1. Does the stretch 189-199 include one or more residues that are of a type in the set (A, V, I, L, M, F, W, C), without any contact (Cβ under 8 Å) to a residue 12 or more places away in the chain and in contact with a Phe, Trp or Tyr (Cβ under 6 Å, 6 or more places away or on another chain)?
2. Within the stretch 145-182, count every residue that is in a loop (DSSP other than H, G, I, E, B) and loosely packed, with under 13 Cβ neighbours inside 10 Å.
3. Restricting the stretch 66-97 to residues that are touching a residue at least 24 places away in the same chain (Cβ under 8 Å) and of a type in the set (D, E, K, R), which is farthest from R50 (Cα to Cα)?
4. From the list A46, A84, which residue is out of contact with any strand residue (DSSP E or B) (no Cβ under 8 Å at 6 or more places or on another chain), of a type in the set (A, V, I, L, M), modelled with pLDDT under 90 and surrounded by fewer than 19 Cβ atoms within 10 Å (Cβ to Cβ)?
5. Show the residue pairs meeting these rules: Cβ distance below 6 Å; 6+ apart or different chains; first residue within the stretch 130-148 and under 12 Å from G16 (Cβ atoms); second residue assigned to a helix (DSSP H, G or I).
6. For the stretch 65-80, indicate whether the set of residues that are surrounded by 15 or more Cβ atoms within 10 Å (Cβ to Cβ) and of a type in the set (S, T, N, Q) is non-empty.
7. Among the numbered criteria (1) polar (S, T, N, Q); (2) touching a Leu at 6+ places or on another chain (Cβ under 6 Å); (3) at pLDDT below 90, which one does S203 miss?
Amino acid sequence: MFDRKLSQRRLLVGIGGNIGAGKTTVTNELKRYGAKIIDADKIGWALLRRNSPHYKKLVEVFGKRILNKNGQIDHKALAERAFANKTSLKKLNRIMHPPIIKRIKKEITKNQKGLVILDAALLFTLGLNKEMDVAILVTAPERLKVKRLIESGMTKEAAKARLKLQEPDSKVWRKAGFVLENKGSLAELRRKSRALWNFFYSSRFQNLKTGS
């Protein structure tokens, strides 16, 4: 049963998961129903405006090859270099994680009502799950992740290499309050997202939170 009183309170939900798992689809569905979204990826790219301190640091570390013809950081070029190996990825993370976390916390403070979603692939790796009322891990079989990444334009080799650099679900699922399995159709994932929305705004969920 939908409890309208709950919509006046803030419920902070973190959604994490590896690339290709379907995390963004779940987030977009919840946004469609009225959730406010804090997108960690968008925050990261916003920090990289031309000649910003983080922009300059990335160019210093990865070279001008990550820039497009307009002098802006090219997403694909940066990804190719940053995800080339664990050492490169650590360099990227050292530069970008602290300011991203700082901005995320600022956005959380600004949003004090309703369902607020933090869409962050590294939700559990960065420990941001501890800041949430609820932390959700979206999972999918690796073969489906690879298939989806290929459909998005990656080669099979690049998709497997990218997934290999990410923390496996088996290492983080115990940290999640909910695990949402995405091993079916897009329509099924949308139905599960709708069920989440209904559950979060139900008296049953509120009773679960308070332990009553």
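1. Taking the stretch 189-199 and keeping what is of a type in the set (A, V, I, L, M, F, W, C), we get 189, 195-197, 199.
Filter again for without any contact (Cβ under 8 Å) to a residue 12 or more places away in the chain, leaving 195, 199.
Narrowing further to those that are in contact with a Phe, Trp or Tyr (Cβ under 6 Å, 6 or more places away or on another chain): 199.
Yes, the stretch 189-199 has at least one match.
2. Summing the residues that are in a loop (DSSP other than H, G, I, E, B) and loosely packed, with under 13 Cβ neighbours inside 10 Å in the stretch 145-182 gives 4.
3. Looking at the filtered set, the residue picked out is K86.
4. Details: A46 fails: modelled with pLDDT under 90.
Answer to the check: A84.
5. Between residues of the stretch 130-148 that are under 12 Å from G16 (Cβ atoms) and residues that are assigned to a helix (DSSP H, G or I), the close pairs are A135/N129; L137/W173; V138/K23; V138/V26; T139/D169.
6. The answer is no, given that none of the residues of the stretch 65-80 is surrounded by 15 or more Cβ atoms within 10 Å (Cβ to Cβ) and of a type in the set (S, T, N, Q).
7. It fails just one condition, (2).
Residues are listed down the side, and each one gets a yes or a no for (1) at positive phi; (2) in contact with a Phe, Trp or Tyr (Cβ under 8 Å, 6 or more places away or on another chain); (3) acidic (D, E):
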{"position": "N68", "(1), (2), (3)": "no, no, no"}
{"position": "K76", "(1), (2), (3)": "no, no, no"}
{"position": "E80", "(1), (2), (3)": "no, no, yes"}
{"position": "A84", "(1), (2), (3)": "no, no, no"}
{"position": "L89", "(1), (2), (3)": "no, yes, no"}
{"position": "M96", "(1), (2), (3)": "no, no, no"}
{"position": "I100", "(1), (2), (3)": "no, no, no"}
{"position": "I104", "(1), (2), (3)": "no, no, no"}
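The values are calculated or read from the model by the stated rules, or taken from the named source; none is laboratory data. Small disclaimer: the values here were computed from a predicted structure and weren't measured. Because the Cβ atoms are built from the backbone with ideal geometry, glycine has one as well, and the counts that use them run over all protein chains shown.
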